[in-house]
Amino acid sequence: MARLRGLLRRSSHTTPPADETLEVGDMVLDGASREVTRAGEPINLTVTEFELLRYLMRNPRRALSSLRSTGRQTPFPSRCLFIC
């Protein structure tokens, strides 16, 4: 868990506000209340799942391999593959 937090902390040079609201399609992530809804229905997530979803929503349509090639850290182990 500490390793994941470290990777998340280093993944961005600037930290967006914690109270940001992100929307992708019908999914809404509210950073202030740490709530996620899809089509108006709440989704229960662990802290790690919430942070991973926030990372993905902040970086739409971006291949993880391209992030790694620029030297930026991602919160995912190298053996993970995500298809979105």
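Every read-out reported here was derived from the displayed coordinates using simple, explicitly stated rules and does not represent laboratory data. Computed from a predicted model, the values in this text were never measured in an experiment. Cβ atoms come from the backbone with ideal geometry, glycine included; neighbour counts cover every protein chain shown.
How far apart, in nanometres, would the label points at Ala2 and Thr21 be if each is projected 7 angstrom from Cα along the Cα-to-Cβ direction?
Between Ala2 and Thr21, the simple spin-label model gives 3.7 nm.
Between Glu35 and Val47, how many nm apart are label points set 7 Å from Cα along the C-beta direction?
2.1 nm
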